[in-house]
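Reading through the structure tokens given below for one structure.
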Amino acid sequence: MAYKVSIKQFNHVLNTLSDKYKIYGPKKIEKKGRYSDTDLVCYKPISGLDEMELNEKSFFSPKEIIYPIRETLFYFTEDNVSVPSVPDEKIIIFLRPCDINGMKRLDTIFLQNGPEQDFYYKRLREKVKFFMIECNEGFDSCFCVSMNGNKTDEYAVACKFNNDNVILNIQDEEFKALFSEGAEEVQHEVEFVEENKVKVEIPPVDKVTKEVFENDIWTEYTHRCIGCGRCNTSCITCACFTMQDQHYGKDNKMGERRRVWASCQVDGYSTMAGNHDFRTKKGDRMRFKTMHKINDFHKRFGFHMCVGCGRCDDVCPEYISFPKCIEKVNEIVKGDSNE
Amino acid sequence: MNNPYLPRPIKIIDRWEESGIDHTFRVENDMNLIGGQFLQLSIPGVGEAPISISDFTDKYLDMTIRKVGKLTDGIFDLQAGDKIFVRGPYGNGFNLDQYKGKNLVIVAGGTGLAPVKNVVNYFYNNMDLVKSFTLIVGFKTPNDILFRDEIKKWSEKINVVLTVDSADESWTGETGLVTKHIAVCDMKDLDNTEVIVVGPPIMMKFATIEFVKRGLAEEKIWVSFERKMSCGIGKCGHCKIDETYVCLEGPVFNYVKAKELID
Ligand SMILES: Cc1cc2nc3c(=O)[nH]c(=O)nc-3n(C[C@H](O)[C@H](O)[C@H](O)COP(=O)(O)OP(=O)(O)OC[C@H]3O[C@@H](n4cnc5c(N)ncnc54)[C@H](O)[C@@H]3O)c2cc1C
Ligand code: SF4
Ligand code: SF4
Ligand code: FES
């Protein structure tokens with residue numbers, strides 16, 4: 001059973017929820033886009049539906065809400081180490097199915113890879129409830145269907161936004177109580193996008209051999225990619241970070257250790273002492289990223305890392321297309337098996 | 001909730017020079033360790049880096065550190081009595097049982113001797129546990145030689161080949177790359193031989209090839225990798241090669257696996 005509520009009623013409930021929850025949604029920030037006079041859609045706290053941008057894809061993913069770009073791990077003084085606290089407030093995020101699936105990838109790295117869980121990720125992640133935005137149709141660059149990123153049932157509330165009402169499928173009792181009051185009960189099955197304009201065949205992991213790594217499809221990217229790392233920062237599933245220490249004052253007695261997002265496309269990602277580096281060519285880095293997204297992660301966890309949100313394509317200043325790149329890998333793999 | 005990123009302070013008991021830029025730091029130890037594991041060593045406000053445990057007892061552990069940058073410069077300012085911060089131990093380390101009853105050959109290049117030093121000492125003290133033991137260590141020049149006194153001590157029981165890449169007339173020992181010495185090393189009973197190779201990537205590459213050329217099965221060769229690491233616990237991504245995380249599944253790898261890893 002679903003509920004149909006007016007926009008006004010929906011906003012009213014959001015308002016009630018804002019006592020206990022910080023609510024995030026995709027928001028349009030005017031004139032902050034990549035080019036002059038363009039806008040930027042990113043995740044910000046919102047207080048009502050009118051503040052949300054639902055007709056465009058967000059440039060940045062919602063991952064920074066639970067995995068901040070820069071996060072202090074601890075402060076220290078001469079004889080004391082202190083871990084900064086996070087607000088008690090719980091968190092609601094309005095996001096699309098691909099991003100919910102993306103969060104599952106982040107969960108996998110931070111909570112399941114290795115014997116220890118990530119303290120900082122976990123304490124924010126536990127506060128979060130997902131309000132899924134039902135996609136009417138994908139955007140131009142989406143390829144979520146190819147990546148199996150189009151469907152999920154990991155939501156507290158699924159919202160289908162219509163012009164003058166919202167239809168809600170609610171799985172979380174807390175929200176059912178709030179939204180159902182005075183709402184009209186309707187029949188509605190949660191709808192997912194079943195087809196994208198961009199389709200790509202993902203090569204089966206057991207077919208990806210050394211030849212793919214050594215193939216010269218990657219040299220193209222050595223020339224095209226400028227190593228800016230935008231594809232990584234916009235990606236919902238990129239999880240890498242680097243430690244950074246900072247001290248205040250001259251005597252090194254006070255300071256902080258923090259982590260900042262890292263990008264495998266940017267210089268220094270694999271640089272060790274003595275400037276020994278493992279992937280100096282941009283093409284090798286593209287290969288590393290691609291394999292992580294559509295091969296390596298799957299070998300460890302049984303599903304692909306990439307969810308097909310298409311953001312890496314949207315943000316690349318060199319118009320490098322990730323699905324095209326996957327296609328090239330697939331061609332090599334198919335070529336190999338035809339021999 | 002356990003916070004794996006919080007380092008704990010431990011006291012430096014002693015430090016001494018190995019070569020001009022390599023010093024060994026001895027610190028208090030309260031951990032259960034395996035040779036070949038590493039710690040994330042840090043000075044808050046300066047930096048954090050993975051450093052191998054070169055040797056240990058249940059009272060202390062040693063780390064041999066090369067002064068190369070921000071953190072290691074800071075560590076070189078510390079003295080006995082000062083505190084340093086650690087978290088770990090991390091990584092798999094060497095499985096000693098693997099080498100028991102075997103002809104053990106260890107080849108180490110430069111600072112690569114540090115991560116295997118505990119293994120060397122273990123079998124030096126328990127020679128009855130191996131059939132034979134050969135240690136081939138190479139350094140760039142005589143001035144780069146680490147653990148000089150210990151190498152001399154080991155020579156009493158172990159078949160030690162100490163070589164330098166280049167030397168002046170005053171050097172009376174062996175010269176040439178470790179690969180040259182692998183080529184002539186006495187290896188009869190290949191079925192019962194296990195080899196450990198640790199050193200700079202290029203040295204490991206050619207040393208392992210040399211053993212394979214000599215007819216040793218790949219699964220009898222073990223190597224230890226170094227990669228950039230920010231976390232040591234499988235989150236930061238820096239150490240990843242293909243689907244393998246060096247901080248989790250390594251740094252010690254069997255060559256059968258290691259040779260398939262493409263950075
Ligand atoms: C498993 C493991 C075990 C190790 N064991 C030991 C050990 O036993 N002893 C030991 O001495 N070392 C060991 N290392 C290496 C050690 O971690 C590095 O030497 C350490 O990172 C140095 O830290 P630092 O802050 O002093 O140097 P940094 O300040 O990080 O600089 C080190 C060098 O790298 C260069 N560099 C740093 N960052 C960049 C960048 N972004 N781009 C280009 N160049 C850069 C610098 O110019 C400098 O030459 C080990 C590493 C690993 C992975
Ligand atoms: S790799 Fe590209 S398409 Fe895949 S999840 Fe990341 S940003 Fe989205
Ligand atoms: S956004 Fe494009 S140019 Fe920038 S690092 Fe990624 S692939 Fe390269
Ligand atoms: S060191 Fe961070 S993942 Fe291995």
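The values are calculated or read from the model by the stated rules, or taken from the named source; none is laboratory data. The shown structure was predicted, so the numbers you read here are calculated from the model rather than taken from an experiment. Heads up, the Cβs are rebuilt from the backbone with ideal geometry, glycines too, and the neighbour counts pull from every protein chain shown. Surface areas here come from the heavy atoms of the whole protein model, side chains and all, with no ligands, DNA or RNA. Shrake-Rupley method; radii C 1.70, N 1.55, O 1.52, S 1.80 Å.
Distances between placed amide hydrogens fall under 5 Å for B:D55 paired with B:D62, all partners being 5 or more residues away or on another chain. Only Cα sites of region A:222-330 enter the Debye sum here, all with the same form factor; the resulting log10 I(q)/I(0) across q = 0.15, 0.21, 0.24 1/Å is -0.71, -1.19, -1.44, listed in q order. Straight-distance candidates among the lysines for linking to B:K131, with alpha-carbon spacing under 23 Å and chain neighbours fewer than 8 residues away dropped: B:K100, B:K102, B:K117, B:K152, B:K153, B:K157, B:K188, B:K213, B:K220.
Once the Cβ-Cβ distance of B:M127 and B:A80 is raised to the sixth power relative to R0 = 30 Å, the FRET efficiency obtained is 0.35. Residue pairs exceeding 27 angstrom between C-alpha atoms, taken from A:K104/A:K210; A:K253/B:K11; A:K44/A:K104; A:K127/A:K160: A:K104/A:K210. Centre-to-centre, using Cα atoms only, region B:190-263 and region B:113-170 are separated by 21 Å.
Annotation: A:S141 carries an accessible surface of approximately 20 Å², with a 1.4 Å probe and no ligand, DNA or RNA atoms counted. Seen from every direction in turn and averaged, the convex hull around the alpha carbons of chain A projects onto 21.2 nm². Here the protein assembly as shown carries DSSP beta bridges of which approximately 65% are antiparallel, counting only pairs with both residues inside. With the convex hull drawn around the C-alpha atoms of region B:1-143, the volume per residue stands at 117 Å³. The string of couplings for region B:7-16 from the Karplus curve (6.51, -1.76, 1.60, θ = phi - 60°) is x, 10, x, 9, 8, 7, 8, 6, 8, 8 Hz, one whole number per residue in order, with x for Gly and Pro. Over the residues of chain A, the helix contribution to mean residue ellipticity at 222 nm works out to -7500 deg cm²/dmol, using -39500 (n - 2.57) for each DSSP H run of at least 4. A convex hull fitted around the alpha carbon atoms of the protein assembly as shown yields 187 Å³ per residue. Using the Cβ-Cβ distance between B:W16 and B:V68 with R0 set to 25 Å, the FRET efficiency works out to roughly 0.85. Based on Cα contacts under 8 Å between residues 6+ apart, region B:200-247 shows a relative contact order of 25 percent. Computed on region B:53-208, with alpha-carbon pairs under 8 angstrom and 6+ residues apart, the relative contact order is 25 percent. Considering all different alpha carbon pairs of region B:106-263, the Kirkwood hydrodynamic radius works out to 16.5 Å. Heavy-atom accessible surface of B:W16, to the nearest 10 Å², is about 80 Å², with a 1.4 Å probe and all protein chains retained. In region A:66-88, whose amide N lies under 18 Å from the spot 7 Å out along Cα-to-Cβ of A:R123? List them in ranges. Answer for region A:66-88: A:66-77, A:80-88.
In sequence order, region B:73-85 has phi-based couplings of 4, x, 5, 5, 7, 8, 10, 3, x, 6, 9, 9, 10 Hz under the Karplus curve 6.51 cos²θ - 1.76 cosθ + 1.60, θ = phi - 60°, and Gly or Pro positions carry x. What you get for region A:211-336, charging only the Cβ of Lys and Arg (+1) and of Asp and Glu (-1), is a dipole of about 460 debye around the Cα centre.
Couplings 3J(HN,Hα) for region A:83-97, derived from phi with the Karplus relation 6.51 cos²θ - 1.76 cosθ + 1.60 (θ = phi - 60°), are 8, x, 8, 10, x, 5, 2, 7, 10, 10, 10, 7, 8, 8, x Hz, where x marks Gly and Pro. As a calculated quantity, the FRET efficiency between B:Q98 and A:N15 at R0 = 60 Å, using C-beta atoms, amounts to about 0.40. The angle separating the long axis of helix B:113-125 from the principal Cα axis of greatest extent in chain B is about 70 degrees. For region B:172-212, just say rounded, prolate or oblate: build the C-alpha gyration tensor, square-root its eigenvalues into a ≥ b ≥ c, call rounded for a/c under 1.5, and beyond that prolate if a/b exceeds b/c, oblate if not. Judged from the Cα gyration tensor, region B:172-212 comes out oblate (a/c at least 1.5, b/c at or above a/b).
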